[in-house]
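Data first, discussion second: the structure below is written as structure tokens.
The values are calculated or read from the model by the stated rules, or taken from the named source; none is laboratory data. These figures come from a predicted structure and were not determined experimentally. So basically every Cβ, Gly included, is an ideal-geometry build from the backbone, and we count neighbours across all protein chains shown. The accessibility values were calculated without ligands, DNA or RNA, using every heavy atom of the protein model including side chains. Shrake-Rupley method; radii C 1.70, N 1.55, O 1.52, S 1.80 Å.
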Amino acid sequence: LKKANRLKSRGDFKRTLAGRRLCINDCFVVYGLAAKTNSAGPFSAGLMQPRIGFVVSKKVHKRSVRRNLVKRRLRELVRLCLLTESHQSLAKYRTLVFIARSGSLETSFQDLKQKMERCIQNL
């Protein structure tokens with residue numbers, strides 16, 4: 001993901017997690033903070049892509065190598081979603097946080113991709 005699409009600050013993560021839970025499955029949970037529709041900023045027109053953050057705790061796996069693998073896979077899936085037409089459903093959110101669950105480690109990339117597509121379609 002580009003730097004403009006990354007969620008980095010702790011406050012942004014907290015605000016997003018206080019928002020609405022959008023999707024839950026055995027691989028990840030997605031929280032989103034909706035863009036304000038009455039503002040005159042670029043989010044109101046749906047022109048800007050959302051900023052996205054990823055959380056993978058030690059509950060997923062104790063080794064950081066395995067946790068980073070999960071983060072890399074989720075980042076790639078989101079990048080692929082931003083390049084496709086599903087970007088329109090993501091555009092109504094200012095920030096999104098993906099929290100990995102233990103099922104994301106054993107699931108194949110293709111299965112993760114299908115779950116991500118289903119999740120984004122339901123947004």
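May I ask you to give the solvent-accessible area per residue for the chain, in square angstrom, as obtained with a 1.4 angstrom probe?
Working: 7510 Å² over 123 residues.
Per residue, the chain has an accessible area of 61 Å².
Highest mean first, what order results for 67-74, 14-21 on Cβ atoms within 10 Å?
On the way: 67-74: 17.8, 14-21: 14.4.
Ranking the peptides 67-74, 14-21 by packing returns 67-74, 14-21.
Length gain on complete extension for the stretch GLU117 to ARG63, per 0.36 nm per residue less the alpha carbon to alpha carbon distance? Kindly include the intermediate steps, with their values, before the conclusion.
Values: separation 54, 0.36 × 54 = 19.44 nm, distance 2.80 nm.
Fully extending the segment from GLU117 to ARG63 adds 16.6 nm.
In the neighborhood of GLY32, defined by Cβ-to-Cβ distances under 10 Å, what is the net charge if each Lys or Arg adds +1 and each Asp or Glu adds -1? Show your work: numbers first, answer last.
Working: positive: ARG20, ARG21, LYS92, ARG94; negative: none.
Taking every Cβ under 10 Å from that of GLY32, the sum is +4.
LEU22's amide H: which non-local residues (gap 5+, or another chain) put their own amide H closer than 5 Å, with H modeled 1.01 Å from N in plane and none for Pro or chain starts?
VAL30, TYR31, GLY32
Which order do the peptides 101-108, 2-9 take when ranked by the mean count of other beta-carbon atoms within 10 Å per residue, highest first?
On the way: 101-108: 15.6, 2-9: 11.8.
Output ranking for 101-108, 2-9: 101-108, 2-9.
Give me the net charge for the shell around LYS92: Cβ to Cβ below 12 angstrom, other residues only, Lys and Arg +1, Asp and Glu -1. Write down the numbers at each step before the final one.
Working: positive: ARG20, LYS36, ARG94; negative: none.
Within the 12 Å Cβ shell, the charges total +3.
So how far apart, in nm, are the two label points at ALA4 and GLU76 if each is 7 Å from Cα heading toward Cβ?
Each label point lies 7 Å from its Cα, and together they span 2.5 nm.
Let's test the formula: R0 of 25 Å, r as the Cβ-Cβ distance of ILE24 and PHE109. What FRET efficiency results, to the nearest 0.05? It would help to have the intermediate numbers written out before the result.
Details: r = 20 Å, r/R0 = 0.81.
Computed FRET efficiency for ILE24 and PHE109: 0.80.
Which of the listed residues, ALA100, LEU123, LEU22, is farthest toward the dipole's positive end in the chain, when Lys, Arg count +1 and Asp, Glu count -1 at the beta-carbon?
With unit charges placed on the Cβ atoms, the residue in question is ALA100.
Taking only DSSP H segments of four or more residues, each worth -39500 (n - 2.57), what value at 222 nm results for the chain once the sum is divided by all its residues, to the nearest 500 deg cm²/dmol? Please list the in-between numbers first.
Details: 5 runs with 49 residues, N = 123.
Taking each H run of at least 4 residues, the total per residue is -11500 deg cm²/dmol.
Among the listed pairs LYS3/LYS71; LYS14/LYS36; LYS2/LYS115; LYS8/LYS62; LYS2/LYS71; LYS62/LYS115, which have their C-alpha atoms separated by more than 20 angstrom in this model?
Where the Cα-Cα span goes over 20 Å, the pairs concerned are LYS2/LYS115; LYS8/LYS62; LYS62/LYS115.
Using unit Cβ charges (K, R positive; D, E negative) and no other charged atoms, how large, in debye to the nearest 20, is the dipole of the chain about its Cα centre? Don't skip to the end; give the middle numbers.
Numbers: 28 positive and 7 negative charges, 150 e Å.
That gives a dipole near 720 debye.
Once neighbouring chains are kept in place and the probe is 1.4 Å, which whole percent of the accessible area of the range 63-105 is contributed by carbon and sulfur?
On the way: 1060 of 2180 Å².
Whole-percent figure for carbon plus sulfur exposure: 49.
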